[in-house]
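Below is one structure; the comments refer to it alone.
The values are calculated or read from the model by the stated rules, or taken from the named source; none is laboratory data. Keep in mind that what you see is a predicted model, and the values were worked out from it rather than measured. Cβ sites come from the backbone with ideal geometry, for glycine too, and all protein chains shown count toward neighbours. When the accessible area is computed, the model is the full protein with side chains, heavy atoms only, and any ligands, DNA or RNA have been set aside. Shrake-Rupley method; radii C 1.70, N 1.55, O 1.52, S 1.80 Å.
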Amino acid sequence: MNIDILDNNQLVLMDQLISNSQTILVVCHKSPDGDAVGSSLGWAEFLRSRGKDVTVIVPDQYPDFLKWLPNTDKIVRYDKHTEKCDMLFKIADLVFCLDFNTPSRVDEMEKTLVSSPAKKVLIDHHLKPDVDADLIVSHPEASSTSELVFRIVWQMGAFDSLDKQFAVPVYCGMMTDTGGFTFNSTRPEIFFIISELLTKRIDKDRIYRNVYHNYSENRIRMMGYVMYEKLVYMPEYNAAFYSLTREELKRFNYIKGDAEGLVNIPQQIKGLKLSISLREDTDKPNLVWVSLRSVDDFPCNLMAEEFFNGGGHLNASGGRVDGTIEEAIEIAKKAIIAYQNKLK
């Protein structure tokens, strides 16, 4: 199966940029998820196999359920080691921007990234790429950035020489960005990639357990609370939403990652087309994080753009509300009513 993703000019340029660089940074977006971390670790492993000095930098904390991934101990957090990271951006030859389409997604690291004299390469699967880069590899139809990483490595002929250190995070990234291969994962290329990753003797069942069966008791109790007490089901619109306040998060000793995947659970309701999560930021007042999940052809990415200052993919998107949780709830209701013709 032909899974090449780069045209000839891109392939030559990618190889030249890597060959001509020694100090390389791999960076991803704020609040890194499984795909951001997985693609970054996998790509860094490939670059190290080319003899390069590589540092993975993330803007802030990533979920606890990803800390078992190989080489997470080498990840540097910008919010914890700002001076060191600023220095690395100044001396780097090359910076790879993974799993984000615009510099604002790296939050407080944006100015440092943009001002870095290093050459830059974007590898991403989000719409409307807006990064000033020497090479842009953008494929919104891809399941994940981890899929793109695999396809580039495969096309460059490096896959055979790599091992579990590459295969595990790449598989993890693909798995998490497709909800365990339950959405955005119908193309045969995806399962060809999985079959090849399995040749590296990865334990895909254990990877699944490490991610999805690795929560605290508090997370499980919070999940029950959300579904019983907080879920607002709107059967006339085939939609549902829930909200979590800062106080409620504190009640369940919330840590980063505990809310991951909750937005998918209401989709088990028969006929449901749209699920929305509204979660207050734990530190900043008047900031609510929004996650949207849909099925079939409902465009939650358009809803995210129109109502929640965000965007994303057809069936999985995110955004934010700069206001109170009460205001976010009213916006969610308005969004659902506005899209009622597509939901019914």
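Structure notes:
- Qualifying residue in the range 289-303 (condition: touching a Ser or Thr at 6+ places or on another chain (Cβ under 7 Å), of a type in the set (Gly, Ala, Ser) and closer than 27 Å to Tyr215 by Cα): yes
- Restricting the range 129-180 to residues that are among the small types (Gly, Ala, Ser), under 17 Å from the mean Cα position of the chain (by Cα) and at pLDDT 95 or above, the residue that is nearest to Tyr212 (Cα to Cα): Gly173
- The range 181-220, subset crowded, with 18+ Cβ neighbours inside 10 Å and of a type in the set (S, T, N, Q), residue nearest to the chain's Cα centre (by Cα): Asn184
- Selection over the range 134-168 of residues that are of a type in the set (A, V, I, L, M) and surrounded by fewer than 17 Cβ atoms within 10 Å (Cβ to Cβ) gives a count of 2.
- Residues that are under 19 Å from Ser144 (Cα atoms) and open to solvent by less than 20 Å² (accessible area, probe 1.4 Å) number at least 3 in the following helices (runs of 4 or more DSSP H) confined to the range 1-103: 34-49.
- Count of the range 230-275 residues, restricted to those that are aromatic (Phe, Trp, Tyr) and either free of Cβ contacts under 8 Å to residues at least 40 places away in the same chain or in contact with a His (Cβ under 9 Å, 6 or more places away or on another chain) (or both), is 4.
- Whichever residue in the range 117-127 is part of a loop (DSSP other than H, G, I, E, B) and over 20 Å from the mean Cα position of the chain (by Cα) and, among such residues, is surrounded by the most Cβ atoms within 10 Å (Cβ to Cβ): Ala118
- Boolean, Asp130 is in contact with a Ser or Thr (Cβ under 6 Å, 6 or more places away or on another chain), open to solvent by 50 Å² or more (accessible area, probe 1.4 Å) and over 30 Å from Phe252 (Cα atoms): yes
- If you filter the range 294-326 down to residues that are touching a residue at least 60 places away in the same chain (Cβ under 8 Å) and closer than 19 Å to Thr176 by Cα, you find that the one that is surrounded by the most Cβ atoms within 10 Å (Cβ to Cβ) is His313.
- Residue ranges of helices (runs of 4 or more DSSP H) in the range 197-274 with at least 3 members within 30 Å of Trp154 (Cβ to Cβ): 204-212
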